[in-house]
1. For the chain, what is the charge dipole size about the Cα centre, in debye to the nearest 20, if Lys and Arg each add +1 at the Cβ and Asp and Glu each add -1 at the Cβ?
2. As I understand it, the dipole of the range 1-128 uses +1 on the Cβ of Lys and Arg and -1 on the Cβ of Asp and Glu, about the Cα centre. Which of Leu120, Ala69, Leu52 lies farthest toward its positive end?
3. Quick one: Kirkwood hydrodynamic radius for the range 99-157, alpha-carbon pairs, angstrom, one decimal?
4. Quick one: accessible surface of Glu88, probe radius 1.4 Å, all protein chains present, in square angstrom to the nearest 10.
5. Tell me the mean residue ellipticity at 222 nm calculated for the chain from its helices only (DSSP H runs of n ≥ 4, each -39500 (n - 2.57), averaged over every residue, nearest 500).
6. Taking the chain as the reference, fit the longest principal axis to its C-alpha atoms, fit the long axis of helix 3-16 to the helix C-alpha atoms, and give the angle between the two in degrees, 0 to 90, nearest 10.
7. Any chance you could give the angle, 0 to 90 degrees and rounded to 10, that helix 46-55 forms with the longest Cα principal axis of the chain?
8. Work out the FRET efficiency for Ser18 and Lys128 from their Cβ-Cβ distance, taking R0 = 25 Å, and round it to the nearest 0.05.
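The values are calculated or read from the model by the stated rules, or taken from the named source; none is laboratory data. Since this is a predicted model, take the numbers as computed values, not measurements. Heads up, the Cβs are rebuilt from the backbone with ideal geometry, glycines too, and the neighbour counts pull from every protein chain shown. Only protein heavy atoms, including side chains, enter the accessible area calculation; ligands, DNA and RNA are left aside. Shrake-Rupley method; radii C 1.70, N 1.55, O 1.52, S 1.80 Å.
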Amino acid sequence: DRAENMKAIAAAIEQFDSPAKAFSIELKIVSASRSNAPPAVPEDLREISAKLSGVFRFNAFEKIGEIRADGREGDSIVVQPSVGYRAEFKFGEYDPVSDSVRLNDFALAKTGADQQLVPLLRTSLNLKVGQTVVLGASRMPDSQRVLMLVLSAKRAR
């Protein structure tokens, strides 16, 4: 083809052929409950607990575990944020329009007494960089105790 067309094609390929973006995901597992005399909230949960107390009926928050997972688009991650829990997911594509990274096949499981994994949550989600997302789960709608996942994403350097 003509030289100017080849240059345009090369520029288009270069624009799409970029290295995988790197991210850091922070995950906290939090137990939330209702208490007449709630204990002091851990420092790193104060901001989120204030918001959650206004939305949900829970006023006691206990951090069960936390991790930070670093990876790039396409990486599979398996981590144990605390004894008895296991989280896994795959970094999906970064979307520059929404400034978010996709977490594919995000799964949280609890380790049973026989070391078998008991699934608690399975989902995929878009996590906006810099935004905190809270996912909650309970066995019954009127449960007095729930498990919450607090997720946030940052660009890794």
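1. Here the chain has a charge dipole of around 540 debye.
2. Leu52
3. Values: mean 1/r = 0.0751 Å⁻¹.
Mean inverse Cα-Cα distance, inverted, gives 13.3 Å.
4. 60 Å²
5. Details: 2 runs with 24 residues, N = 157.
Result for the chain, helices only: -4500 deg cm²/dmol.
6. Value to nearest ten degrees: 10.
7. The angle comes out near 70 degrees.
8. Details: r = 20 Å, r/R0 = 0.80.
Rounded to the nearest 0.05, the efficiency is 0.80.
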